[in-house]
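Report on the structure given below.
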Amino acid sequence: MDCLLEGNCVKAFGKAVHALSRIGDELWLDPMVRGVSSTKQRWKGNSLALRSVNSAHSAYACFLFSPLFFQHYSLGPVSEQGSETIKCKLLMKSVLPLFRCLTSIERNVERCQISISTPSDRVIIQFFCRHGITKTHNLSFQESEALQAVFASHLCPNVLKAPARLLGDMVMHFPVSQEEITLSMTPLSVSLRNYYEGGNDHMKTMYTEMSLHLDEFDYFQVGVDSDITFCLKELRGLLSFAETHCLPVSVHFGAAGRPVCFSVEDMVLEATVVLATLIDSESTGPSQQTETLAPTTPRCAEAAVLPVGSCEANSRKHQGVPAVMELIPSSQGSPIISPPALMLLVPQTDNPNGLGEPDEACASATTTPASSTICSLLFRALSSEQDSDGCAARLPVLAYYSDGEENMEEDYTRSPSL
Amino acid sequence: MPLSTQSQADDEQYVLVASLDNARCLSNILKAITFKDHAIFSATPNGLKVTVEDSKCLQANAFIQAEIFQEFTIREDLVGFQVNLTVLLDCLNIFGGSTVPGVSTALRMCYRGYGYPLTLFLEEGGVVTVCKINTQEPEEPIDFEFCSTNVTNKVILLSESLKEAFSELDMTSEVLQITMSPSQPYFRLSTFGNSGNAHYDYPKDSDMMELFRCTKTQTNRYKMSLLKPSTKALALSCKVSVRTDSRGFLSLQYLVRNDDGQICFVEFYCCPDEEVE
């Protein structure tokens, strides 16, 4: 893979890296033969995806760059295996410093060339700067499966499209340390308020809540009244990107517990952030929230630990997993997501058989008290030769990627869960 | 100004008297070489030279010519002593280092000779402070035997082009490799860190390259920990000359313009870490 970016695009690319660094510690660089954007825009020609996911698998972001973004883009020589393109994973701390100072990039960098060199296992990022100066960085990468979240935003009952600065201006009122916020939507208004954990702190916390009339938005669709609570920190990068590029932000969501998707797009790129939402966030006042949520607002557990069958009903399918939840604090303090919506990607370890009975698992999941079950986002690797047990294909994926869209009806009133 | 009311008689006991209306002319330059606590001061009728060394591999010298001082009186051919540089800088900034224009700290530095402390008279806004700093026997500065006849490669670059590179240098790299060559890549800085390696190339015809005189391709590595302190001098300077000799020893000379537009020099000498062909 070999691509060339000119001046302004280098800065946009750098801003994308900044936004992705808010999500996770690793950056997936994924050249794609035929880029398919999730908003049904199909770009002709090759594209480049940059992705990141947090360690708890409760936040995912993807920046997809169309071929028009680049001055030049080629996938390079095809490998012996066929038309496979190399997919690499880089450490964020290797890449972020190269794009740290965006003003200096704007001032000095004329062009940037990014290429993947398979023989030396290096990603080469070369900056051609003013005065003839060239900066070349050879970063080692790890070859990796592609990372992709499965989420069909078009199936969401609620949609908001906010002008570029609106959301940024709203979240500005929350302190930088604010972890989670709650977005509420009714047919009359949209409000944002800070979310806090119950317990003793509520006397010392400052509440902030702001409401907007739906007219403030470019577009809205209220399928169901809902309150969703998600991690703000992970979103700020995208909001900053949207503001810089004057792009409206689209928000797709459903009931509490379903993931929320924030996206921006323009002619040459598309950026998406999918965040898990807390289950059982009440639409009543904060004091009531304290009572109901105090016992059930544990932080998201480490993804790798949780197979689907953590639900009580399924504990028999997953021996070795305690029926009662063991809560392990996530380093990101991310909220928990409800099981019916999402399933976990686990490099399937203990119980392939358990996962082979997905329908039953999911059906029971919907009936267990949601507050006692914890799961996290499914990140399903693009199907590859490693899918040896075939189970992944049989999992009832509740949200299809846009490739499957032809099979789905665009019916916003329909519940997203099967 | 109170400092000037000192009688002539007092002055005769000092072998060195140096005065500055703005102590920052001295303190800024000294900050550029404060990577170790102790500094060797050598004063000659030409001016003041301050030397700091590190592990016998690195030497930094700051030169402040006699003309920079409002008064520079020396009664011997060479006056040398060693002081704690950190303490000296603290004294020079004793009034807090205000950046209000028109307000500056005036300095009168006096030394009576061997065995006596270094006396600093500092004044700002009518307030006078007297500091006496103990001196030690000056160590002999290392002679790196770097002479211009032995120089194989020399470039002079405008500092602004190097400042960014130095601030971005991958600090997980143990060495900074400098390649100088009459052919591509002409002048290259390289690092080898945990994430991978990086190269900064400056072509010979770049408008940042004021002088390019390379006779032979040389690649040398220097310990990053030794060269990183030179970033401070680079930040103050407008131009830097980079020279290597046949042994691979490195000389960095920085041209620093002080607040009044006068020129001072800071130079660094560094031994190569290992020979690389």
If you take every residue apart from residue A:121 with its C-beta less than 15 Å away from the C-beta of residue A:121, what net charge results, scoring Lys and Arg +1 and Asp and Glu -1? +2
What ranking do B:12-18, A:86-92 get when scored by the average of other Cβ atoms within 10 Å per residue, highest first? A:86-92, B:12-18
With bins 5 Å wide starting at 0, give me the P(r) of segment B:3-133 over every alpha carbon pair, in whole percents. 2, 10, 21, 25, 22, 13, 6, 2, 1, 0
Quote the relative contact order of chain B in percent (integer), defining contacts as alpha-carbon pairs under 8 Å separated by 6+ residues. 19 percent
Tell me, in nm to one decimal, what length is gained between residue B:174 and residue B:116 on full extension, where the rule is 0.36 nm per residue of separation less the Cα-Cα distance? 16.7 nm
Area projected by the alpha carbon convex hull of chain B, averaged over all directions, nm²: 15.6 nm²
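What number comes out for the charge environment of residue A:92, summing +1 per Lys or Arg and -1 per Asp or Glu over other residues with Cβ under 14 Å away?
In short, +2.
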Any idea what diffusion coefficient segment A:122-209 gets from Stokes-Einstein, in µm²/s, Kirkwood Rh on alpha carbon pairs, 37 °C, 0.692 mPa s? 178 µm²/s
Which GluC sites (Glu not before Pro) does segment A:77-175 hold that lie in a coil by DSSP with at most 11 other beta carbons within 10 Å? A:80
Other residues with Cβ under 15 Å from the Cβ of residue B:140 give, with Lys and Arg +1 and Asp and Glu -1, a net charge of -3
How high is the FRET efficiency from residue B:129 to residue B:66, r the C-beta distance, R0 22 Å, rounded to 0.05? 0.35
Helical contribution to [θ] at 222 nm, DSSP H n ≥ 4, -39,500 (n - 2.57), averaged over chain B, rounded to 500: -4000 deg cm²/dmol
How big is segment B:148-270 along each principal axis, measuring the range of its Cα positions in Å and listing the largest first? 43, 31, 26
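If you wrap a convex hull around the Cα atoms of segment B:68-197, how much volume per residue is inside, in Å³? The partial results should precede the final answer.
Working: hull volume 28.8 nm³, N = 130.
Hull volume normalised by residue count: 221 Å³.
Note the direction-averaged projected area, equal to a quarter of the hull surface, for the Cα convex hull of segment A:202-257, in nm². Intermediate results must be reported in sequence, preceding the final value.
Details: hull surface 22.1 nm².
Approximately 5.5 nm², given one-decimal rounding.
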Which whole number gives the average count of other chain Cβ atoms within 10 Å of the Cβ atoms across peptide A:122-135? 5
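Read-outs throughout are calculated quantities, based only on the coordinates presented, and are distinct from any laboratory measurement. Small disclaimer: the values here were computed from a predicted structure and weren't measured. Glycine gets a Cβ as well: all are built from the backbone with ideal geometry, and neighbour counts include every protein chain shown.
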